[in-house]
């Protein structure tokens, strides 16, 4: 039985109530949770922290432009298969010549096709009851990928290549599946229909303070206050690339290395902003708007 | 239950169908739905697929479940103030506490929203908060703390909430709250669904736990009436403000494949070296290209308003993800060729245009409306040649579709080309058709 209790975050991860509800719902219904939102709002962190907090097995499939469902489910290793069959021929020849030493196939048998099926994160998560599966940045995938995934998601079943073995999971044992997307590409409507959709809106300053608190236990209140204030000010400038939570945290991490007074002085002189502002034109705008 | 829901939500341009109902039913069976706020959360997860859906979704939700009719662009507060549901709720609320002075209208709306969006999740939090408070206040009468809970409440009554008046619904919420708590004798003392307890919603913190109204109401209020949350009108002619929507659909023409192929030459070469033992070698084949030819009718006044947005759209496409974009210009129709510059000086004959790879996606942009004699036999022949060479071709027409029938030349060209209105919606359709062509093409 998969874990279907509400999870509202851990010591190091703050999960806002809306997200917690959506995540809970997706686990209860056995449907994947599709999270969209600005970069750096903790989309990927959710399943990672969830798995860590409840010590569940986590399987991650980072999607790239070359991703195929094959890699996600399982792949038949033709190369190994051919190699092993050649080794059998070789061994037979060696035997004929009276040689004792045999080349090894590493315990694999060419008759047993299952030996050559390499399970991907998808199939692994389906065979591990009560696990967590993260499909990260699905918007980076080739267009066909989400559509190919549809079958497995709606039937809760994978068919392994060549060996034909079926990996099936019951509705109750479905792993908690979280899919993240940065909206660089529209996903097919049919795909979205199979998921519980949640959009992480950017945290309000108050929530942001709590998030910072989760990451840095002992940090000067004054410093955090000033950083957050400036951070939201920068975000309102309409920059080409608005700074995100991740960048704020990195900024604080950097400033924490100094004494408070020194850090505050650094903020006022706009030193070390490279961690926050990522393009030249943005930097010019920020500096111009600062005084 | 809720049979008319998909239809109602579809009227708000949302995707809802029988499957939505089945999933909602499943959610109810699994005990996810105990309050109206839960329905909001569950349906939102099921129905919305884009932040732009949130506005229409909230509007559809309020009009379906509470009969609150939100006019386009109107703020939620105002719509609620007008509504019957709010009036009834207010009457009931004030009846109970006539000794107190009437709270501010805004505050009432806040409380109303908090009650609508009260979810099981919030109730859980209130219970947790109550636990903390209990520890803080040992003098509190707590005679039977270990009383068994009645268990999670399941909705067994097949009732359409529209027929239930809000009062009854809220009463149910309160009942649920009491049951969920289950641990305290003086249940209503703790939970403020009716706003009668001292620990109501509205941001009051209780022992570090925020009580109730988990932001659902705030979210709904923010969403409704906020232009950002209204969908871009994908059926309106391409303008600067819906270019990004069009761009997203255009991205679909990107041709991107990744395969692992057997490297035959290397396998044979290495195999021969090994004395006939052929160990396979693989190589990656990566295709990543977007090839687009744009043919724009830039002559005449009729096309003038659209040229800017069209060129802007495709130049944006070029910087974002296309690497190969060719633009030709013509006036009304082509005679033997088109021009490669805006002023139509550098002539490019048709034969040269079709010398390009046939995998190019071709968008012809023009109103196709001209004097019948202009579209003569040779011109038609040229169009046909282009169509024949590029299977992925579409004519995008800025003229509103209802005027197409009125023009002979539009009718004629429509017989040659698949024609779509020059709207984000039309572009999407064109792209879908082009992709179909490509698959067909590959098989051959």
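The values are calculated or read from the model by the stated rules, or taken from the named source; none is laboratory data. Note that this is a predicted model, so its numbers are computed, not measured. Quick reminder, even Gly has a Cβ in these numbers, built from the backbone with ideal geometry, and neighbours come from all protein chains shown.
Worth pointing out:
- Residue match in segment B:25-37 (condition: facing chain A (nearest Cβ under 10 Å) and closer than 24 Å to residue A:181 by Cα): no
- Of residues in segment A:253-291 being in contact with a helix residue (DSSP H, G or I) (Cβ under 7 Å, 6 or more places away or on another chain) and not in a helix (DSSP H, G or I), the one nearest to residue A:221 (Cα to Cα): A:258
- Which numbered condition residue B:288 fails, given (1) within 14 Å of chain A (Cβ to nearest Cβ); (2) modelled with pLDDT of 70 or more; (3) outside any loop (DSSP other than H, G, I, E, B): (2)
- Residues in segment A:35-57 that are touching a helix residue (DSSP H, G or I) at 6+ places or on another chain (Cβ under 8 Å), buried (at least 21 other Cβ atoms within 10 Å of the Cβ) and at pLDDT 85 or above: A:35, A:36, A:46, A:50.
- Which listed residue, of A:221, A:186, is more than 22 Å from the chain's Cα centre (by Cα) and free of Cβ contacts under 8 Å to residues at least 24 places away in the same chain: A:221
- Within segment A:122-140, the set of residues being within 16 Å of the chain's Cα centre (by Cα) and under 17 Å from residue A:31 (Cα atoms) comprises A:122, A:125, A:131, A:132, A:133, A:134, A:135, A:136, A:138.
- Summed over segment A:151-170, residues that are assigned to a helix (DSSP H, G or I) and either within 13 Å of chain B (Cβ to nearest Cβ) or crowded, with 18+ Cβ neighbours inside 10 Å (or both) total 3.
Each row is one residue, and each column tells you yes or no for (1) within 23 Å of residue A:55 (Cα to Cα); (2) surrounded by fewer than 15 Cβ atoms within 10 Å (Cβ to Cβ).
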residue	(1), (2)
A:73	no, no
A:85	no, yes
A:89	no, yes
A:92	no, yes
A:103	no, yes
A:130	yes, no
A:140	no, no
A:172	yes, yes
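- Of all residues in segment A:9-38, those satisfying the criterion of being under 22 Å from residue A:183 (Cβ atoms) and in a loop (DSSP other than H, G, I, E, B) are A:15, A:16, A:31, A:32, A:38.
- Test: residue in segment B:51-65 that is at pLDDT below 80 and under 27 Å from residue A:25 (Cα atoms): yes
- Of residues in segment B:46-78 being part of a helix (DSSP H, G or I) and in contact with a strand residue (DSSP E or B) (Cβ under 9 Å, 6 or more places away or on another chain), the one nearest to the other protein chains (Cβ to nearest Cβ): B:51
- Where residue A:249 falls short, out of the listed (1) within 21 Å of residue A:40 (Cβ to Cβ); (2) at pLDDT below 85; (3) outside any loop (DSSP other than H, G, I, E, B): (2)
- Only one of A:139, A:84 that is within 14 Å of chain B (Cβ to nearest Cβ), in a helix (DSSP H, G or I) and touching a strand residue (DSSP E or B) at 6+ places or on another chain (Cβ under 6 Å): A:139
- If the condition is being within 9 Å of another protein chain (Cβ to nearest Cβ), assigned to a loop (DSSP other than H, G, I, E, B) and more than 14 Å from residue A:33 (Cβ to Cβ), then segment A:186-209 contributes A:186, A:201.
Yes/no matrix, rows are residues, columns are (1) touching a strand residue (DSSP E or B) at 6+ places or on another chain (Cβ under 7 Å); (2) under 21 Å from residue A:78 (Cβ atoms); (3) at pLDDT 85 or above; (4) not assigned by TED's automatic domain parsing to the domain that holds residue A:24:
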{"site": "A:129", "(1), (2), (3), (4)": "no, no, no, no"}
{"site": "A:132", "(1), (2), (3), (4)": "yes, no, yes, no"}
{"site": "A:178", "(1), (2), (3), (4)": "yes, no, yes, no"}
{"site": "A:183", "(1), (2), (3), (4)": "yes, no, no, no"}
